Amino acid sequence: ESISTTEVRNVLSEFNLSQSTIQNLSGNEFVIRTEKIDSEQRKGILSAFRKNLADLEILRVETVGPVIGENLKRLALYALLFAFAGIILYITMRFEFKFSIISILALSHDCLIVLGIFSFLQKEITISIIAAVLTIIGYSLNNTIVILDRLRENIKFKTREPFENLINMSINQSLSRTINTALTTIIPILALYFFGGNILSDFALALFLGMIAGTYSSIFVASPLLLEWNKIFKIHQKGFRITVKKGKK
């Protein structure tokens, strides 16, 4: 027998918990997020569910208090800051400092896209989601580095070209590689989302959103930002012309 979200909320209303967040995963599987309750209240709620709805199985019970929540946020922030610091150091040593700043801005965009959509869908940010975000950072950075490396080579060997033409050329030269990598990565992520069960679905969703955001940000965010950086700081690469004058015999 199918159980609706309304029926679940009606049971919770008996305990003044009608404002709780109820998420229907699939069929009769629900995730319920309530305010802080004690063990007696929890036993009463479970008894009410068994009485009013049907026999149920508790898959997982988690308690997230203020201390745990603050600790999770602090660890997530430390992980992101450590990752960004390593990225700035690596790209500055490998390329230039401005490339590292542009990469961080593009990666921040990817993270905000994923976290924003999760917030809109009212999904919980767990340790697994933080792990997915860190994975997205690595993937998106790899795409950006490929374009930056191509740009560096073009700057070295095509000195007559304006900077915006070099950026466009670098994107076109690496476009097929970027798209093919994205497609081959997204296919197993979709398999994980549809067949990995409810526990892995949010993790796979975060990866999927991050892969999409990371692919287009490396093309449509990082490169335009680099061009604007050059315009703001008046760093223009201009073509040059060599004039040779023959001496008189």
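When the criteria are applied in full, Ile145 fails the requirement of being within 23 Å of Ala76 (Cα to Cα), assigned to a helix (DSSP H, G or I) and not small (Gly, Ala, Ser).
Go through segment 118-163 and count every residue that is of a type in the set (Val, Ile, Thr) and exposed (fewer than 15 other Cβ atoms within 10 Å of the Cβ).
2
Could you please let me know if Leu107 is part of a helix (DSSP H, G or I) and either surrounded by 12 or more Cβ atoms within 10 Å (Cβ to Cβ) or modelled with pLDDT of 85 or more (or both)? Judged against the criteria, Leu107 is a match.
Got at least one residue in segment 210-226 being assigned to a helix (DSSP H, G or I), under 30 Å from Thr34 (Cα atoms) and at pLDDT 90 or above? Yes: segment 210-226 contains one or more residues that are assigned to a helix (DSSP H, G or I), under 30 Å from Thr34 (Cα atoms) and at pLDDT 90 or above.
Checked against the criteria, Leu175 counts as assigned by TED's automatic domain parsing to the domain that holds Leu227, part of a helix (DSSP H, G or I), touching a residue at least 40 places away in the same chain (Cβ under 8 Å) and surrounded by fewer than 15 Cβ atoms within 10 Å (Cβ to Cβ). Phe195 meets all of the listed conditions (1) hydrophobic (A, V, I, L, M, F, W, C); (2) surrounded by fewer than 21 Cβ atoms within 10 Å (Cβ to Cβ); (3) at pLDDT 90 or above but one, namely (3). Among the residues that make up segment 65-84, is at least one of them closer than 30 Å to Phe15 by Cα, assigned by TED's automatic domain parsing to the domain that holds Glu153, at pLDDT 80 or above and among the hydrophobic types (A, V, I, L, M, F, W, C)? No.
Conditions (1) exposed (fewer than 15 other Cβ atoms within 10 Å of the Cβ); (2) at pLDDT below 80; (3) more than 20 Å from Arg60 (Cβ to Cβ); (4) aromatic (Phe, Trp, Tyr), marked per residue:
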residue: Thr6; (1), (2), (3), (4): yes, no, yes, no
residue: Asn10; (1), (2), (3), (4): yes, no, yes, no
residue: Ser18; (1), (2), (3), (4): yes, yes, yes, no
residue: Asn24; (1), (2), (3), (4): yes, yes, no, no
residue: Gly27; (1), (2), (3), (4): yes, yes, no, no
residue: Glu35; (1), (2), (3), (4): yes, yes, no, no
residue: Leu46; (1), (2), (3), (4): yes, no, no, no
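One residue is enough: does segment 209-228 have a residue meeting the conditions touching a residue at least 24 places away in the same chain (Cβ under 8 Å), farther than 17 Å from His109 by Cα and small (Gly, Ala, Ser)? Within segment 209-228, none of the residues are touching a residue at least 24 places away in the same chain (Cβ under 8 Å), farther than 17 Å from His109 by Cα and small (Gly, Ala, Ser). Residues in segment 80-96 that are part of a loop (DSSP other than H, G, I, E, B) and hydrophobic (A, V, I, L, M, F, W, C): Phe95 only.
The values are calculated or read from the model by the stated rules, or taken from the named source; none is laboratory data. Treat the numbers as computed from the prediction; the structure is a model and nothing was measured. Quick reminder, even Gly has a Cβ in these numbers, built from the backbone with ideal geometry, and neighbours come from all protein chains shown.
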